[in-house]
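The values are calculated or read from the model by the stated rules, or taken from the named source; none is laboratory data. Bear in mind the structure is a predicted one, so any value in this text is a computation, not a measurement. Backbone-built Cβ (ideal geometry, glycine too); neighbour counts: all protein chains shown. Just so you know, the surface numbers come from the protein's heavy atoms only, side chains and all, with ligands and any DNA or RNA stripped out. Shrake-Rupley method; radii C 1.70, N 1.55, O 1.52, S 1.80 Å.
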Amino acid sequence: MKFDRRLLLNFDWILLMIVVAICGIGILNIYSAGISLTAAKAEPIYVKQFIWFLVGLAFMLVSFGIDYRLINQYSYPIYIFSIALLVVLFLFGEITRGTQRWFVIAGFSFQPSELVKLTLILALSKYFCVQEIEGDYNLRRLWLPAVMVVFPFLLIMKQPDLGTAMVLIITFVSMVLFVGIRLRSLITVVTSGLLLAPVCWMFLKDYQKERIMTFLDPEMDPLGSGYHIIQSIIAVGSGGFLGKGFLKGTQSQLRFLPEHQTDFIFSVFAEEWGFIGGSLLLILFLALILWGLRIAQHSRDLLGTLIAFGITMLLFWEVLINIGMVLGIVPVVGIPLPFLSYGGSSLVVLMTAVGLLMNISVRRYMLQR
Amino acid sequence: MSENHNRLSRYDSSRFRKKFSILLWLISVSLSVLMVRMWYLQIIKGEELRQRSENNRIRIHEIKPLRGALIDSNGVFLAGNQPCFDVTIIPGSNRDIKAVLRTMEGFYREQGLDFYRTEAAEKARSFISVKVAKNISRQELAIVESHSVELPGVAVEVVPVRRYILGEMTAHVLGYVSEISPEELKTDESRTYKQGDRIGKFGIERFLDKYLKGVSGGEHVEVNVSGRRVRVLGKVDPVSGHNAILTLDADLQRVAWEAMEGRAGSAVALDPRDGSVLMMVSKPAFDPNLFNQGIPSSEWERLSKDPGRPLENKAIAGQYPPGSTYKMIVAVAGLEEGVITPDTAFTCSGSLPFGNRVYRCWQKKGHGRVSLHRAVVQSCDVYFYNVARLLGPDTLAKYARKFGLGEPTGIDLLGEKGGLVPTKDWKLRRFKEPWQAGETLSLGIGQGFNLLTPIQLASAYAALGNGGIIYRPKLVKRIETLDRQILKEYEPQIKAKADISDETRELVRSALWGVCNEGGGTGGALRRKEADVAGKTGTAQVVTMKEREQSVAHQFRDHALFVAFAPWDKPEIAIAVVVEHGGHGGSTAGPVARKVIDEYFRKKAAAAAQAKAAQAKAAQAKAKAAEVKTAEAKPDEAPGKPQPEAQSGRTEEDEEESE
């Protein structure tokens, strides 16, 4: 592919700066969170996270460089590939800590469900472009996208990873509402869902019911999620206005807070950097999301709009649910905080997604001929 | 591309304008909600929460469930739980653990005690509770409790510890529990376990682990500066494990163990009616109570290197040549195949020359002319050399297999061995040598390559006694919840049927009866006054393969075997005893079997007498009640007789009460 000078000329520097800033905060924060975790010999986790960040940058460059309309031609194969990974994991994956989420390759683990978040957006965008219609969609045109989401949804539920499965559904619903669904179809879906729920409930196993009940009411599990919430709230609140200072968060350093390097990473940050730091991070996220929406709105074709919209919504929901959970206003569910939670799969996939945003952003100028 | 360009030309993003502006608001508002919440937590509640974080001593304390009990068939506890005390320490930020431990050691010294700290105590890290001493005595408990002020962060924890009431006597069959190993944690079956959990490692404890283990609970507690709990914020009660009612009988277990005092080997008894394992003993044994708190590695080393193999359950994993107990199979095979009739006789002159060797009978002066019945009763070797020669190894193997020999019985215990029933093909494969005719003769008296486990022998004899049914031995009757609800019932499982004619069975069975009850029989030790035992003695040579090929002469250090069932016509108990290096079967293994059988029938008679007494008592009570009733109804009439039809109903109730 010949290098186009306009790629550089119209490059979306603002988007890059926001993402690099958030990632920078993320690695610094992982450094702090990891101190109490790392055994003497092992490699500190922030180093691993930094390596993932570099890998992410490379993927970002690739997803930025190839015209998204070209990528779109391979959206279905890419989607099917990612689903195949989930199936392979389901069939052969090793069970660690009671779940079956990761492939482990050369010491680095890879979580296919993170990849599916992005490939689903691509596949749905392609579908709604190919099947573009005037006005709203009815159920006859929506069954295929529904299958696209339900299949990975079930596989991920089985892992079990309720959080990721939910994010898939929410992203799907956001996109369907965005492209438009007929009011009658919407009512049909919602009512049949409400009617079917008790039937499904009967087929669930006891432990599954229990898991859903605790999700709805963490007080039922004072040793698990209830404990997390209380410790998380203490961590955040004790940060106060200015925070306790870098590496000085007692809650996380003293390991009161389990899982603080992954799903509860925001409480580590809010404890050490206080309201000032927390607000800054929230504003950066807000800027990123609004900038993503802007890119969606100003795309010169429907495909760009849909991809950018899907990615932005994915970011929005993950940020909202994760921070809401850490602040104790959303039930505890395992969803990582974009760019901050420790874990390579999520980081690389999200940076690839940001590359696509840049891709769409820069090509709106190139399509203006 | 062209398609895209077409689309592009008519693409108008303004159709989404309304949706975008709604979204803009939605997103801004929801992220603002997060910001407001953060403001509330950090600014408004900030000071309060900062205080709490400084005094944060909220932690989770796991409460281990009680493991289900193992109960014998008569309701006697074989394994239960007993409280034991552990010392834990919670290191604080400004607390020197080493100093606290030194202080503690000082208190111990004052009382003239040594302080054994765990390895974990050395590696204690901030804020995570560690065990520094396990299973302390009452005296030590008193020291720790009385000096609690000087020992900040130190706490005593009560933990239930598994207790095996019969100790060594049931070591192999019940097994033991101990902390799950890292390797076990990695397996798929252990997904519900976590580090530090206890798991059944051996025997029934392992087989029934999922029923016995229960579910951990926990407390969400706030503790004060010295690590003592101030209040409980939340609690989930543990769920105790279920109880298992076993088929074992504690008395038989004890009797067998004591009868084998000073001996090595094993004994196993089955109920031929359903395959229940009534008794299973293996010697030497180990003390399973030692494993509860983690066995010292030196002790483990000693056990695993002991030449007596105390860690092996010899009843299922000990493989022995069956010796003359195998003659039962040879006799059945001979009759079924028609190579002999009950009247076929061979002359025993004390030895049989065959090829260029001489095969001897244990009776040097010979048995004279004997037919089947006498040959079995007197265990004439020459007779069976002849029968084996006529049958050949493959036909013998066929009948051995019919009785379930040479393959695992399928009992639910880990480590069962299959034994070995040799054939011509097997020898060719294994040694690349053809079968020698002389080896067939050895097989006739249970020597040669034959290797069987005690439980296989018991099961084969049980099958002969019960009409040919080979059950999969079962150890568990049922699983009960704590409130005695039956959770799972274990039904008898028929594994195979040894289809032999009734005629053959009767002939062999009566010959085995003769072994114990006729003059000149080798099983005289089993001659009870009821004359109800049928069985067979056996003496298994302990020599190497090579030596065995060269000579069948009886050697020193033979294993003594005895297999029997009783009552001979309707067996309720089948037993196999192997006494390693015990010499002749009749004199060392026989008495063990005798004691177990005696105990079995003594208990049965006692139970019957008790039931009778209870019945009589019930009848009496009924009579009295009737007396009162009639007296009330017709005061002028004389006291009436008890009402017979009401008796039976009452009796059952009474029996239940007396249990």
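Observations
- Under Karplus coefficients 6.51, -1.76 and 1.60, residue-wise ³J(HN,Hα) of the stretch B:452-467 in Hz, glycine/proline x: 9, 9, x, 5, 5, 4, 4, 5, 5, 5, 4, 5, 5, x, 8, x
- Under 18 Å from B:LYS186, Cα to Cα: lysines that are on another chain or at least 8 residues apart: B:LYS194, B:LYS201, B:LYS210
- Residues B:LYS398, B:LYS201 ordered from highest to lowest accessible area at a 1.4 Å probe: B:LYS398, B:LYS201.
- With 0.36 nm allotted per residue and the present C-alpha distance subtracted, the B:LEU482-B:ASN135 stretch has 122.3 nm of extension available.
- Annotation: chain B has a Kirkwood hydrodynamic radius of 30.3 angstrom, from the mean reciprocal C-alpha pair distance.
- If R0 is 60 Å, the Cβ-Cβ spacing of B:LYS432 and A:GLU210 corresponds to a FRET efficiency of close to 0.45.
- In this structure, the amide hydrogen of B:LYS488, modeled 1.01 Å from its nitrogen in the peptide plane, lies closer than 5 angstrom to those of B:ILE479, counting only residues at least 5 positions away or on a different chain.
- Between A and B, buried accessible area from a 1.4 angstrom probe totals roughly 5100 Å², ignoring ligands, DNA and RNA.
- Positive contributions from Lys and Arg (+1) and negative ones from Asp and Glu (-1), summed over other residues with Cβ under 15 Å from the Cβ of A:MET148, come out at +3.
- Cβ-based net charge around B:ALA250, under 12 Å, with every Lys or Arg adding one and every Asp or Glu removing one: -2
- You can think of it this way: the chain between B:GLU183 and B:SER304 has 41.6 nm of extra reach, that is 0.36 nm per residue less the Cα-Cα gap.
- The protein assembly as shown, accessible surface, carbon-and-sulfur percent (1.4 angstrom probe): 58
- Inter-chain Cβ neighbour average for residues B:11-24, partner chain, 10 Å: 5
- Here the gap between B:SER148 and B:LYS570, fully extended at 0.36 nm per residue and compared with their Cα-Cα distance, gives a gain of 145.3 nm.
- Fluctuation leader among A:GLY304, A:GLY328, A:GLY26 - chain A, Gaussian network, Cα springs under 10 angstrom: A:GLY328
- Model label points for B:ALA621 and B:SER501, set 7 angstrom from Cα along the Cα-to-Cβ axis, are 5.6 nm apart.
- The count of lysine pairs in chain A that are at least 8 places apart or cross chains, and whose C-alpha atoms lie under 26 Å apart, stands at 10.
- Accessible area in square angstrom per residue, the stretch B:374-472, 1.4 angstrom probe: 30
- B:HIS172, B:HIS373, B:HIS581, ranked by accessible area, largest first (probe 1.4 Å): B:HIS581, B:HIS373, B:HIS172
- Ranked packing of A:316-322, B:60-66, B:305-311, most packed first, by mean Cβ within 10 Å: A:316-322, B:60-66, B:305-311
- Computed label-point distance, nm, for sites B:ARG102 and B:VAL29 using a 7 Å Cα→Cβ extension: 6.5
- Rounded to the nearest 500, the 222 nm mean residue ellipticity of the protein assembly as shown from helices alone is -16500 deg cm²/dmol, with -39,500 (n - 2.57) taken per DSSP H run of at least 4 residues.
- Extreme residue, positive dipole direction of the protein assembly as shown, given options B:GLY524, B:TRP426, A:SER75 (C-beta unit charges): A:SER75
- Neighbouring partner chain Cβ atoms per residue of A:228-241, average, 10 Å criterion: 6
- Using a simple spin-label model with pseudo-atoms 7 Å out from Cα toward Cβ, A:TYR74 and B:VAL36 lie 4.7 nm apart.
- Taking a straight line from the alpha carbon of B:LYS497, these lysines sit under 27 Å away, with near neighbours fewer than eight places off in the same chain left out: B:LYS314, B:LYS327, B:LYS398, B:LYS402, B:LYS417, B:LYS424, B:LYS474, B:LYS477, B:LYS488, B:LYS536, B:LYS570.
- Computed over protein heavy atoms with a 1.4 Å probe, the accessible surface of the stretch A:6-363 works out to 41 Å² per residue.
- Most fluctuating residue given options A:LEU177, A:LEU337, A:LEU195, as computed from a GNM of chain A linking Cα atoms under 10 Å: A:LEU195
- Shape descriptor for the stretch B:250-607: Rg over Rh equals 0.98 (Cα atoms; Rh from the Kirkwood inverse mean 1/r).
- A cut-off under 12 angstrom between Cβ atoms defines the neighbours of B:THR504, and their net charge, with Lys, Arg +1 and Asp, Glu -1, is -3.
- Taking the chain by itself as reference, the stretch A:260-276 contains these residues with an accessible-area loss of 30 Å² or more in the full protein complex (1.4 Å probe, heavy atoms): A:PHE275.
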